[in-house]
Amino acid sequence: MQVGIVGLGLIGGSLARAIKANTAHTVLGADLQRPVIYRAKLLEVIDEELTEDRVGDCDLLILALYPRDTVKWVEDHAGAIRKGAVVVDCAGVKRAVCEPCWAAAEANGFTFVGGHPMEGVAKLGFEHSKRDMFVNASMILVPHRDIDIETMKRVKDVFDAIGFTRYEIATPEKHDRIIALTSQLAHVVSSAYVKSPTAREHRGFSAGSFRDMTRVAYLNEKMWAELFLLNREDLHREIQGLIGHLQAYDDALTGGDEERMRDLLREGREIKTALDREEAE
């Protein structure tokens, strides 16, 4: 099978490395930066460049692009994609991506499946990609309601070989609602937290909590701003919810209400314990 990967950054580069290392598939890669293409070929991460005239040769296309770029690429290349081929994206929002891409797929005879690999590191670019990045990771798949099981199995077989061991099937709405909490809010909190003037004095005063809280503040602001705004309603709801919870802690603090503070902390601990128990089941 010929697999085309568009975008050879951290995610696309890691997918290419894993497919080359674990399958016999031919991997074609495209990237806006010519040095990345040269390096990927030199390191045998890809077999050949994915040029415009080779898009139609691919049985599977994986798009590791920003959301708006994903939609533009699909719409611009819809007529060139081989009928029967499958296109999977890796963007962090799904409502803004899936609907226009499903429409383009239906009109041109290929299948589009929304995808979101739940793994990454706080670094950017091809140079930080790793072939084992997705080992034991979770993959969210957002298929069109009319997709057939054989097509889904073809997609899963490739991602199994990459290393994914858990799959979640979601609608675009469910994906974006949950990701607003599990990913987007975490990045907002980390970015806001590190802005405290006290952060500059943290050295030697943290046993790991500061590092954990600030890890994802090292982010690609262009991509994350796009993700936040494309999912503004869900993210706004989560931010407002967090503000409300923080206010409760602050009220207990300013009121000197130790019993209320213990209650709030106990509630948080019990919820975390329940979440960990569910995760282990």
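Data table
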read-out	value
Members of the range 155-177 found to be closer than 13 Å to GLY115 by Cβ and not hydrophobic (A, V, I, L, M, F, W, C), listed by number	LYS156, TYR167, GLU168, PRO172, HIS175
Helices (runs of 4 or more DSSP H) completely within the range 204-281 that count 1 or more residues being open to solvent by less than 80 Å² (accessible area, probe 1.4 Å) and at pLDDT 95 or above	221-230, 232-254, 258-280
Failed criterion for ALA180 (all others in (1) in a helix (DSSP H, G or I); (2) of a type in the set (Gly, Ala, Ser); (3) over 21 Å from GLU119 (Cα atoms); (4) at pLDDT 95 or above hold)	(3)
Subset tally (residues that are open to solvent by less than 10 Å² (accessible area, probe 1.4 Å) and not hydrophobic (A, V, I, L, M, F, W, C)) for the range 93-111	1
Of the criteria (1) closer than 19 Å to ASP234 by Cβ; (2) open to solvent by 10 Å² or more (accessible area, probe 1.4 Å); (3) assigned to a loop (DSSP other than H, G, I, E, B), which one GLU168 fails	(3)
Test: residue in the range 75-88 that is open to solvent by 10 Å² or more (accessible area, probe 1.4 Å), within 23 Å of ASP157 (Cα to Cα) and out of contact with any Cys (no Cβ under 8 Å at 6 or more places or on another chain)	yes
Single unsatisfied condition, ALA96 versus (1) part of a helix (DSSP H, G or I); (2) more than 30 Å from ARG215 (Cα to Cα); (3) touching a residue at least 40 places away in the same chain (Cβ under 8 Å)	(2)
Residue that is nearest to PHE159 (Cα to Cα) [pool: residues in the range 26-42 that are of a type outside the set (S, T, N, Q) and open to solvent by 50 Å² or more (accessible area, probe 1.4 Å)]	LYS41
Subset of the range 184-203 [closer than 30 Å to ALA91 by Cβ and open to solvent by less than 100 Å² (accessible area, probe 1.4 Å)]	GLN184, LEU185, ALA186, HIS187, VAL188, VAL189, SER190, SER191, ALA192, TYR193, VAL194
Test: residue in the range 47-59 that is open to solvent by less than 40 Å² (accessible area, probe 1.4 Å), outside any strand (DSSP E or B), more than 19 Å from ALA80 (Cβ to Cβ) and among the hydrophobic types (A, V, I, L, M, F, W, C)	no
Failed criterion for GLU127 (all others in (1) open to solvent by 10 Å² or more (accessible area, probe 1.4 Å); (2) part of a helix (DSSP H, G or I); (3) farther than 19 Å from VAL45 by Cβ hold)	(3)
Of all residues in the range 1-46 being in contact (Cβ under 8 Å) with a residue 24 or more places away in the chain and of a type in the set (Lys, Arg), the one that is nearest to GLY84 (Cα to Cα)	LYS20
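The rows are residues; the columns are (1) modelled with pLDDT of 95 or more; (2) among the hydrophobic types (A, V, I, L, M, F, W, C); (3) assigned to a strand (DSSP E or B).
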{"site": "LEU61", "(1), (2), (3)": "yes, yes, yes"}
{"site": "VAL71", "(1), (2), (3)": "yes, yes, no"}
{"site": "ASP76", "(1), (2), (3)": "yes, no, no"}
{"site": "ILE81", "(1), (2), (3)": "yes, yes, no"}
{"site": "PRO100", "(1), (2), (3)": "yes, no, no"}
{"site": "LYS123", "(1), (2), (3)": "no, no, no"}
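The values are calculated or read from the model by the stated rules, or taken from the named source; none is laboratory data. Treat the numbers as computed from the prediction; the structure is a model and nothing was measured. Positions of Cβ are generated from backbone atoms using ideal geometry, with glycine treated the same way; all protein chains shown enter the neighbour counts. Please note that ligands, DNA and RNA were not included when accessible areas were found on the heavy atoms of the full protein model with its side chains. Shrake-Rupley method; radii C 1.70, N 1.55, O 1.52, S 1.80 Å.
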